[in-house]
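So the structure is just underneath, and the comments pick up after that.
Bear in mind that the values in this text are calculations on the coordinates, not laboratory data. Every value quoted in this text rests on a predicted model; they were computed, and no experiment measured them. Virtual Cβ from ideal backbone geometry, glycine too; neighbours counted across all protein chains shown.
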Amino acid sequence: MFAPKKVLGLIGSEISYTLSPLMHNVAAEALGLNYCYNVFEVPTHNDLPAAIEGIRALGVVGANVTIPYKERVVKLLDALSAEASEIQAVNVILNRDGTLIGYNADIYGFAEPLKAFKSEIEKQDVAILGCGGAARAAIQALKTEFNPAGVVIAARNEARADALKADFKRKTKSLKIKTLNVADPETLAKLRDCKLIVNATPVGSARASASKEDLFPPDKVWTKDHIAYDLVYNPLVTPFLAGAAAFGAKTISGLEMLIHQGAKSFEIWTGKQMPIDLVRQTLLNALSSAKND
């Protein structure tokens, strides 16, 4: 008897480059699960409410949410997990019998690859480049798991950066946060003093509108004492990571965050553990093939 596949997908704008369908479809097939993961391109903010209602109306089991909708989607959902409510950003939606529940798997996904460096990060200043939903998840993970001395938010949009700082300061008085304009030359010296620098912007990605310019001149910031973590995963070696590696810094690819947030998402939807080793090798093969084309 024919059993229709349970539908999952990714909501975002300019997301043709994404490896999420490959990741989740390979995992579902390996476990013999009747799921199919698709791309749901949502061109503008005005289209988002209809897209979310489409999940409910069509019985879509769940979805990931990516740039630029992780914060905007919050008010369109029926309920939020504790983590999503805390940071007001969602990257996972579960449709539970018509009730849409928002989760944030980015916090877990960000933290897992970084745990190997925990002792180096504790009581050191860290920097986040960007002030969107991914930045929110990164700050939350750093706050709860890594005990940094302080967090620097470096962004071009000073108003959004200040709003992000205010949100966290209202909830955690003890967390030291300051904001800087990433375009200000004086910011470079302050970034150089941070042990960990995280790129939580789309700069350097395969996303069509992502800027091709460098976030900063690599020689002005990186040393062998730094840790560079790029949340962009396509390409595997971004200009941000290549610049850091050239000066001896340790690097973490955004592919690891993609995999770990994907594993958490997969568990929320299916109740099963993602076969991470198989998924990682599949994605590495895909990125290698794309590079050689």
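Some points to look at:
- The chain - mean residue ellipticity at 222 nm from DSSP helices (-39,500 (n - 2.57) per run, n ≥ 4, rounded to 500): -12000 deg cm²/dmol
- Available extension along the chain between residue 176 and residue 224 is 14.8 nm, counting 0.36 nm per residue and deducting the alpha carbon span.
- Backbone amide hydrogens, once placed in the peptide plane, bring residue 251 within less than 5 Å of 228, excluding anything fewer than 5 places away on its chain.
- Taking amide H as placed 1.01 Å from N in the peptide plane, residue 154 has its amide H under 5 Å from the amide H of 128, 129, 130, 180, each at least 5 places away in sequence or on another chain.
- When +1 charges are put on Lys and Arg Cβ atoms and -1 charges on Asp and Glu Cβ atoms, the dipole computed for the stretch 205-288 relative to its Cα centre reaches about 120 debye.
- Using θ = phi - 60° and Karplus 6.51 cos²θ - 1.76 cosθ + 1.60, couplings along the stretch 65-75 (whole Hz; Gly, Pro as x): 10, 10, 3, x, 10, 4, 8, 5, 6, 3, 6
- Here 194, 36 are placed in order of increasing Cβ neighbour count within 10 Å, fewest first, which gives 36, 194.
- Set 118/264; 75/250; 178/224; 115/190 screened for pairs whose C-alpha atoms are more than 29 Å apart: 75/250
- Length gained when the stretch residue 267-residue 119 is fully extended (0.36 nm per residue, less Cα-Cα span): 50.4 nm
- Alpha-carbon gyration tensor eigenvalues x 5, square-rooted, for the stretch 1-73, Å: 23, 15, 8
- Only Lys, Arg (+1) and Asp, Glu (-1) charged, at Cβ; the chain dipole about Cα centre in debye: 560 debye
- With N as its number of residues, the stretch 108-252 has a Cα radius of gyration that, divided by 2.2 N^0.38 Å, comes to 0.95.
- Taking every alpha-carbon pair within the stretch 30-134, the share separated by more than 22 Å comes to 40 percent.
- Reachable aspartates and glutamates, given that their alpha-carbon falls under 14 Å from the alpha-carbon of residue 176 and they are not under 8 places away in the same chain: 122, 125, 162, 167
- Virtual spin-label span in nm between residue 144 and residue 158, 7 Å along Cα→Cβ: 3.3 nm
- Entry for the chain at q = 0.08, 0.13 Å⁻¹: log10 I(q)/I(0) = -0.33, -0.89, Debye formula applied to identical alpha-carbon scatterers, no solvent contribution.
- All other residues whose Cβ lies under 13 angstrom from that of residue 262 are scored, Lys and Arg at +1 and Asp and Glu at -1, for a net of -1.
- Distance between the 7 Å Cα→Cβ label points at residue 184 and residue 31: 4.7 nm.
- Ordering 159, 139, 30 by Cα displacement along the dipole of the stretch 1-159 toward the positive end leaves 30 in first place; charges were set at the Cβ atoms of Lys, Arg (+1) and Asp, Glu (-1).
- Residues 201, 282, 99, ranked from the fewest to the most other C-beta atoms within 10 Å, line up as 99, 282, 201.
- Among beta bridges from DSSP that stay inside the chain, the antiparallel ones total about 20%.
- Within the same chain, aspartates and glutamates fewer than 8 places from residue 6 are excluded, and of the rest, those with a Cα less than 18 Å from its Cα are 29, 53, 97, 267.
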